[in-house]
Amino acid sequence: TIQKVHAREILDSRGNPTVEVDIYTGCGFGRASVPSGASTGSNEALELRDKDADRYNGKGVLDAVDNVNTTLAKELLGMDARNQREIDELMIALDGTENKMTFGANAILGISMATAKAAADSLGIALYRYLGGTNAFALPVPTMNVINGGKHAGNDLSIQEFMIQPKGADTFSNALRIGAETYHALGKVLEDKYGASATNVGYEGGYAPPISTTADALDALVSAIEEAGYTESEISIGLDSAASEFFDGEKYFIDGKKIAPAELVDYYLDLIETYPILSIEDPFHEESFEDFATLTSEAWDTIIVGDDLFVTNVNRLAKGIEMEAANALLLKVNQIGTISESFDAANLAQRNGYSVVVSHRSAETEDPMIADISVAIGGDLIKTGAPARSERTAKYNQLLRIEEELGDAARYVQL
Ligand code: PGA
Ligand code: ZN
């Protein structure tokens with residue numbers, strides 16, 4: 001049973017405050033911390049910030065911390081940490097709002113994550129096994145963000161993320177090695193072409209070169225894959241457009257031009273023809289279910305991922321499934337605010353033939369929990385940044401440990 005719940009304010013990888021929660025049971029302990037986005041979807045659960053201009057430019061989270069330490073802690077004391085769903089549902093009911101604005105999704109999620117960890121620890125079971133059972137043995141393909149654009153970098157790239165996916169590897173550890181080698185080859189390619197400052201990095205550890213067109217970024221990736229000694233069948237490319245960020249209500253601003261949604265469909269179809277692109281996330285703005293559906297039907301063998309479109313919310317995902325608006329769900333625990341609801345979204349996706357991509361946020365902490373979640377869910381891909389910077393490698397390194405523990409039972413997902 002839960003004997004103590006304690007939250008504190010810590011810093012995330014952007015240097016902003018976030019919530020960390022400790023939960024003690026009689027025989028176990030769980031500590032979890034909450035990530036934060038920059039290109040957040042408007043339909044995400046609410047991240048409660050103090051708005052006290054005298055502290056951290058208004059970004060303090062002392063109110064959320066206080067909600068954990070007072071109201072919520074009192075309710076949770078004496079509950080069984082193994083009853084994840086009961087605890088999550090109680091917090092949702094006490095909050096009473098659609099977007100968790102009473103306590104803040106950051107307060108609720110911190111408890112939800114720490115509860116799972118405390119329960120696993122109390123039972124002496126690894127977290128991925130506690131959450132996923134004995135059928136949790138598949139290691140996801142890492143989709144590593146190696147060129148940062150959009151809101152995540154100071155360059156002129158409209159597309160936010162250019163990712164490499166070592167799908168041809170035989171094991172997760174080899175995939176990670178292939179990704180890291182290619183990341184370094186890319187650094188060399190960028191430095192040779194654009195100078196030493198081109199290897200400065202953005203929020204997710206990817207390079208942020210002074211490139212302004214999608215084609216230039218993709219050409220650099222293709223050169224890097226070749227330089228590293230790999231082929232396009234071994235490493236594919238993933239994009240996250242985060243297109244709400246370059247949509248003005250009518251047109252999309254990309255490669256220095258404003259284009260209509262229908263032209264953007266053709267733009268993507270051209271890219272898929274020209275480059276080894278396996279996945280495109282948020283190709284259109286967050287309410288454009290129809291344009292998503294058009295691209296999904298035309299790019300039939302491409303993974304079309306809904307992030308800001310679905311915000312890990314079963315209602316929005318159900319609408320997307322109905323409209324055939326994508327074929328993959330991006331799963332971010334802080335978009336919805338509890339572990340139980342995140343698993344509900346993954347289940348709905350998988351029952352309908354959608355892939356699941358478990359994802360970090362652009363501001364992360366050293367908490368590796370999404371690695372365990374991705375194995376527990378049986379996710380096809382994990383997106384957690386470049387193979388560099390500790391808040392990113394914390395997750396990849398945790399997958400190495402899980403792979404090691406599974407031993408011969410481990411399987412690397414074949415896409
Ligand atoms: P964010 O970006 O964490 O800044 O929202 C990640 C993404 O769009 O996938
Ligand atoms: Zn995204």
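One residue alone among ALA217, ALA185, ALA198 is crowded, with 16+ Cβ neighbours inside 10 Å, hydrophobic (A, V, I, L, M, F, W, C), at pLDDT 95 or above and under 22 Å from ALA243 (Cβ atoms), and that residue is ALA217.
Does GLY60 qualify as being within 16 Å of ligand 2 (Cβ to nearest atom) and surrounded by 14 or more Cβ atoms within 10 Å (Cβ to Cβ)?
On the way: within 16 Å of ligand 2 (Cβ to nearest atom): no; surrounded by 14 or more Cβ atoms within 10 Å (Cβ to Cβ): yes.
No; evaluated as a whole, the condition is false for this residue.
With respect to SER233, determine if the residue is out of contact with any Cys (no Cβ under 9 Å at 6 or more places or on another chain), hydroxyl-bearing (Ser, Thr, Tyr) and outside any loop (DSSP other than H, G, I, E, B). In short, no.
When segment 266-288 is filtered for residues that are open to solvent by less than 20 Å² (accessible area, probe 1.4 Å), within 16 Å of ligand 2 (Cβ to nearest atom) and of a type outside the set (S, T, N, Q), the ones remaining, listed by number, are TYR268, ILE277, ILE280, GLU281, ASP282, PRO283, PHE284.
Test ALA208 against the stated conditions and say whether it is farther than 23 Å from VAL375 by Cβ and among the aliphatic types (A, V, I, L, M). Please lay out each step first, then the result.
Numbers: farther than 23 Å from VAL375 by Cβ: yes; among the aliphatic types (A, V, I, L, M): yes.
It is true that ALA208 is farther than 23 Å from VAL375 by Cβ and among the aliphatic types (A, V, I, L, M).
The condition of being open to solvent by 10 Å² or more (accessible area, probe 1.4 Å) and of a type in the set (Ser, Thr, Tyr) holds for THR393. Do we find a residue being open to solvent by 10 Å² or more (accessible area, probe 1.4 Å) and away from ligand 1 (no atom under 16 Å from the Cβ) anywhere in segment 142-154? There is no residue in segment 142-154 that is open to solvent by 10 Å² or more (accessible area, probe 1.4 Å) and away from ligand 1 (no atom under 16 Å from the Cβ).
When segment 20-48 is filtered for residues that are within 16 Å of ligand 1 (Cβ to nearest atom), among the hydrophobic types (A, V, I, L, M, F, W, C) and open to solvent by 10 Å² or more (accessible area, probe 1.4 Å), the ones remaining, listed by number, are ALA38, ALA45, LEU46. Restricting GLU245, GLU232, GLU250 to residues that are surrounded by fewer than 19 Cβ atoms within 10 Å (Cβ to Cβ) and either farther than 26 Å from GLY37 by Cβ or within 16 Å of ligand 2 (Cβ to nearest atom) (or both) narrows the list to GLU232.
Within segment 84-104, the residues that satisfy the criterion of being open to solvent by 60 Å² or more (accessible area, probe 1.4 Å) and either touching a Leu at 6+ places or on another chain (Cβ under 9 Å) or at pLDDT below 95 (or both) are LEU94, MET101, THR102. In segment 50-71, the residues that are without any contact (Cβ under 8 Å) to a residue 40 or more places away in the chain form Cβ pairs under 8 Å with partners that are part of a loop (DSSP other than H, G, I, E, B) and surrounded by 13 or more Cβ atoms within 10 Å (Cβ to Cβ), at six or more places apart or across chains, as follows: ASP50/LYS59; ASP50/GLY60; ASP50/VAL61; ASP52/GLY60; GLY58/ARG49; GLY58/ASP50; GLY58/ASP52; THR71/PHE103.
Looking across segment 314-353, the residues that are within 16 Å of ligand 2 (Cβ to nearest atom) and assigned to a loop (DSSP other than H, G, I, E, B) come down to ALA325, ALA326, ASN327, LYS332.
Note on segment 355-378: residues that are within 16 Å of ligand 2 (Cβ to nearest atom) and over 12 Å from the mean Cα position of the chain (by Cα) total 1. For GLY320, the conditions (1) closer than 27 Å to SER33 by Cβ; (2) in contact with a strand residue (DSSP E or B) (Cβ under 8 Å, 6 or more places away or on another chain); (3) open to solvent by less than 40 Å² (accessible area, probe 1.4 Å) are fulfilled apart from (1). Can you tell me which residue within segment 1-19, out of those that are in contact with a helix residue (DSSP H, G or I) (Cβ under 9 Å, 6 or more places away or on another chain) and under 27 Å from PHE310 (Cβ atoms), is most open to solvent (accessible area, probe 1.4 Å)? Only one residue tops the list, namely SER13. Looking at ILE382 and the list (1) outside any strand (DSSP E or B); (2) in contact with a Pro (Cβ under 7 Å, 6 or more places away or on another chain); (3) not small (Gly, Ala, Ser), which single condition is not satisfied? Tallying (1) outside any strand (DSSP E or B); (2) in contact with a Pro (Cβ under 7 Å, 6 or more places away or on another chain); (3) not small (Gly, Ala, Ser), ILE382 fails exactly one: (1).
State which residue is nearest to ligand 2 (Cβ to nearest atom) when the search covers only segment 26-47 and only residues that are in contact with a strand residue (DSSP E or B) (Cβ under 6 Å, 6 or more places away or on another chain) and part of a strand (DSSP E or B). Across segment 26-47, the extreme among qualifying residues is SER36.
The values are calculated or read from the model by the stated rules, or taken from the named source; none is laboratory data. Model, not experiment: these values are computed from the prediction. Heads up, the Cβs are rebuilt from the backbone with ideal geometry, glycines too, and the neighbour counts pull from every protein chain shown. We work out accessible area using only protein heavy atoms, side chains counted, and drop any ligands, DNA or RNA first. Shrake-Rupley method; radii C 1.70, N 1.55, O 1.52, S 1.80 Å.
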